[in-house]
1. How high is the FRET efficiency from residue 10 to residue 64, r the C-beta distance, R0 22 Å, rounded to 0.05?
2. Provide 45, 13 in ascending order of the number of other Cβ atoms located within 10 Å of each residue's Cβ, fewest first.
3. Between 0 and 90 degrees, rounded to the nearest ten: what's the tilt of helix 30-46 against the longest Cα principal axis of the chain?
């Protein structure tokens, strides 16, 4: 798995987890969904993603989007 796929998988997990938590636990968890969406939009324009920095330090090889 390269860095791009790891970031996409993590973003998908965060969105699904926050939707489940918002539905079953507390609606304030939907703010995490909004945060994930805003972070994905800014990463598309700037190329900066905090999750990519963490995954890179964990040794996941680079992809094409996040170098």
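Bear in mind that the values in this text are calculations on the coordinates, not laboratory data. On a predicted model such as this, the values are computed, not experimentally measured, just so you know. Note that we place each Cβ from the backbone using ideal geometry, even for glycine, and neighbour counts take in every protein chain shown.
1. Numbers: r = 17 Å, r/R0 = 0.77.
According to the calculation, E is roughly 0.80.
2. Ascending number of Cβ neighbours within 10 Å: 45, 13.
3. So the inclination is approximately 30 degrees.
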